[in-house]
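The values are calculated or read from the model by the stated rules, or taken from the named source; none is laboratory data. These numbers come from a predicted model, not from an experiment. Backbone-built Cβ (ideal geometry, glycine too); neighbour counts: all protein chains shown. Please note that ligands, DNA and RNA were not included when accessible areas were found on the heavy atoms of the full protein model with its side chains. Shrake-Rupley method; radii C 1.70, N 1.55, O 1.52, S 1.80 Å.
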Amino acid sequence: MKTSIVNDVVLFAHLSPSDRDRVVSAATDHRLAKGEVLFHEGDAAQAIFILLEGQMKLVRYSEKGRELLIHLVKPGQSFAEAALFGSGTYPATAEAIEPSRVLRLARDTLLGLIRADPELGLAMLASTALWTRRLAGKLQLLTQRRVEERLAVYLLSRAGGHQICAGDVVPLGSPKHLVAAQCGTAPEVLSRCFRKLEEAGVFEVGSDSVTVHDPQRLRDLAEWIGSE
């Protein structure tokens, strides 16, 4: 199972099967309980990780203690790569949302593999660049958009690039408190936003999905960029 998941990890996409086997052999398997923290923001970056089972959240906290969700990690995704090439500390806190299982690849072991196979290093640089673009996009979304616009962007992203039509059901993909975190707002603010757009006839809200009634209005909200 480990090898099959590693085969789909973008970080190792350009490696040969034998090199992927070397990566898996060098990694250690760890399990986390729901709510368990894998590492804290500012901890020394000693490893990168691949999620095998469950779900992890990468978060940062403001000076007032407000949680900002940077990324939800799902099985088959790697995380914490950028820390190994940057300041040497983790830029966010990683916490298990549900019982989870990760592969841990120690920094020293990874650097040894890179020295032996420069292609691995190039693949990791590409993955780090993707993470940087994602973080920049997240920052722009949270600083330049109203909550209803952030929600529209989120819902359209859940459609996986498919054109949404009237009557389509879009799954939320996460509990509503995590949807709120991904939109950079509080759950009660998101609830008001859901209610406002529902009353405006944009969609109907279910327990774990929305049924879209006005897809054009949803797209307009997602595409509008404020001038401030």
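So, in segment 105-125, of the ones that are under 20 Å from the mean Cα position of the chain (by Cα) and open to solvent by less than 60 Å² (accessible area, probe 1.4 Å), which residue ends up modelled with the highest pLDDT? Going through the qualifying residues, I end up with Leu105.
Within segment 144-164, the set of residues being open to solvent by 40 Å² or more (accessible area, probe 1.4 Å), in contact (Cβ under 8 Å) with a residue 24 or more places away in the chain and among the small types (Gly, Ala, Ser) is empty. Restricting segment 44-54 to residues that are within 18 Å of the chain's Cα centre (by Cα) and not in a loop (DSSP other than H, G, I, E, B) leaves a set whose member that is farthest from Ser100 (Cα to Cα) is Ile48. The sole residue among Lys64, Lys74 that is of a type in the set (Lys, Arg), within 21 Å of Tyr154 (Cβ to Cβ) and either surrounded by fewer than 13 Cβ atoms within 10 Å (Cβ to Cβ) or modelled with pLDDT of 80 or more (or both) is Lys74.
For segment 213-228, residues that are small (Gly, Ala, Ser) and open to solvent by 30 Å² or more (accessible area, probe 1.4 Å) total 1. Residues in segment 193-203 include none that are at pLDDT below 90 and within 30 Å of Ser62 (Cα to Cα). I'd like to check something: does segment 23-43 contain any residue that is outside any strand (DSSP E or B), among the β-branched types (Val, Ile, Thr) and either exposed (fewer than 14 other Cβ atoms within 10 Å of the Cβ) or at pLDDT below 90 (or both)? The answer is yes, given that some residue of segment 23-43 is outside any strand (DSSP E or B), among the β-branched types (Val, Ile, Thr) and either exposed (fewer than 14 other Cβ atoms within 10 Å of the Cβ) or at pLDDT below 90 (or both).
Within segment 109-122, residues that are farther than 15 Å from Ala47 by Cβ reach no partner that is exposed (fewer than 12 other Cβ atoms within 10 Å of the Cβ) and among the basic types (Lys, Arg) with beta carbons closer than 6 Å at six or more positions or on different chains. The residues in segment 193-213 that are in a loop (DSSP other than H, G, I, E, B) and over 16 Å from Leu156 (Cα atoms) can be counted, and the count is 4. Can Val210 be described as under 30 Å from Ala96 (Cα atoms), in contact with a strand residue (DSSP E or B) (Cβ under 6 Å, 6 or more places away or on another chain), loosely packed, with under 14 Cβ neighbours inside 10 Å and at pLDDT 90 or above? Judged against the criteria, Val210 is not a match.
Within segment 176-192, being over 14 Å from Ala152 (Cα atoms), open to solvent by less than 70 Å² (accessible area, probe 1.4 Å) and at pLDDT below 90 holds for Leu178, Ala181, Ala186, Pro187.
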